[in-house]
Amino acid sequence: MNIIVAKSAGYCFGVRDAVNIAYETAQKYGNVYMLGDIVHNEKVVADLEKAGAKVVQNLDEIPKGSPVLFRAHGTKTNIWKEAEEKKLKVIDATCPLVHEIHHEVKKLESERRQIIIIGDHGHDEVIAIADQVTKREPIIISNPEEAKEIRRYKRAGIVSQSTQMIENLQDIMNILLQKVYDLRFVNTICFPTKRNQEQIKELAKESDVMIIIGSFTSANSKRLTSLSKTLNENTYQVTDSKDIDSNWFNDCKTVGISAGASTPDYLIKEVKDKIMSF
């Protein structure tokens, strides 16, 4: 049985940097506090907790003068201010590409445009992007059906969540082009996401079975699974090697493996080794 692991499977550089910063900070100070999970992967969060990285729900839980790590997805402006007022040591692990989206949103708003964000409602990254808008309430659109419901605008500026599917983005944009007279779109899907999606499209076509590794709390991982399923019905999402079912590989000659941006390397290796054992 031939097993092919996508070159872009797993950690993107933003997540890898954030996780490394968390480990380094915990080692330096003895511990570090994080507002919510650093990434959407339970295994990574559990590993970090053992190293001294503690998850809290609000800044009041953090002792004065302690380090607080702001995660890869981005953080609301008022949280930054509150951390400074509480004299906490702020460690910024925000992905540079997310910072760039924040910059683009502010630039679009300075042009007096209605801000439209293509992304998942309630997602940490989308919440932080929307928080950069200070004048008119931003509009968040997650699918073409929602795009059809919005009214017409004379001027609008559009960005997207960094891990959005290109196809979903295109479908929404086709509708918005008919609803906005003066539209400025900044394509903020990050390069690692685009590359991983393209590799999955190729792998899904040439593999008998596709395995996508990632937490079911990760929107990115679920989107990759959905993409693969459109091309290969024998697609399965797993969180780790324990989820693997040997029956999936009956009469299978080629297995393709990819993983969400918050999936660590060791989980990918464990899944590959488990499949090889069959």
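The values are calculated or read from the model by the stated rules, or taken from the named source; none is laboratory data. Note that the coordinates shown come from a computational prediction; the quantities given were computed from them, not determined experimentally. Counting neighbours? That spans all protein chains shown, and the Cβs are built from the backbone with ideal geometry, glycine included. Side chains are part of the model used for accessible areas, which takes the heavy atoms of the whole protein and leaves out ligands, DNA and RNA. Shrake-Rupley method; radii C 1.70, N 1.55, O 1.52, S 1.80 Å.
Can you run down the residue pairs with Cβ atoms below 8 Å, 6 or more apart or on separate chains, where the first is in the stretch 177-205 and surrounded by fewer than 15 Cβ atoms within 10 Å (Cβ to Cβ) and the partner is of a type in the set (Phe, Trp, Tyr)?
Sorted first by the residue in the stretch 177-205, then by its partner, the pairs are Tyr181/Tyr153.
Please find, among Leu108, Leu48, the residue that is within 25 Å of Asn187 (Cβ to Cβ), assigned to a helix (DSSP H, G or I) and either at pLDDT 90 or above or open to solvent by 20 Å² or more (accessible area, probe 1.4 Å) (or both).
Only one candidate passes the filter, namely Leu108.
Listed here are the residues, each with its yes/no results for (1) part of a loop (DSSP other than H, G, I, E, B); (2) in contact with a Cys (Cβ under 8 Å, 6 or more places away or on another chain).
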residue	(1), (2)
Ser162	yes, yes
Leu169	no, no
Ile172	no, no
Asp182	no, no
Thr188	yes, no
Pro192	no, yes
Ile200	no, no
Leu203	no, no
Ser215	yes, no
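Being under 30 Å from Trp248 (Cα atoms) and open to solvent by less than 50 Å² (accessible area, probe 1.4 Å) narrows it down to one residue among Ile91, Ile3, Ile62; which is it?
Of Ile91, Ile3, Ile62, the one residue that is under 30 Å from Trp248 (Cα atoms) and open to solvent by less than 50 Å² (accessible area, probe 1.4 Å) is Ile3.
Which one of the conditions (1) surrounded by fewer than 19 Cβ atoms within 10 Å (Cβ to Cβ); (2) part of a helix (DSSP H, G or I) does Leu224 fail to meet, given that it meets all the rest?
So Leu224 meets the others, but not (1).
Could you please let me know if Ala26 is farther than 21 Å from Val238 by Cα and open to solvent by 30 Å² or more (accessible area, probe 1.4 Å)?
no
Collect the residues in the stretch 242-277 that are closer than 17 Å to Thr217 by Cα, assigned to a helix (DSSP H, G or I) and open to solvent by 10 Å² or more (accessible area, probe 1.4 Å), keeping them in residue-number order.
Passing the criteria: only Asp243.
Of the numbered conditions (1) in contact (Cβ under 8 Å) with a residue 24 or more places away in the chain; (2) in a strand (DSSP E or B); (3) farther than 22 Å from Thr239 by Cβ, Met34 fails exactly one; give the number of that condition.
All conditions are met except number (3).
Can you tell me which condition Thr217 does not meet? The list is (1) within 30 Å of Asp245 (Cα to Cα); (2) over 24 Å from the mean Cα position of the chain (by Cα); (3) among the hydroxyl-bearing types (Ser, Thr, Tyr); (4) open to solvent by 20 Å² or more (accessible area, probe 1.4 Å), and all the others hold.
Every listed condition holds for Thr217 apart from (2).
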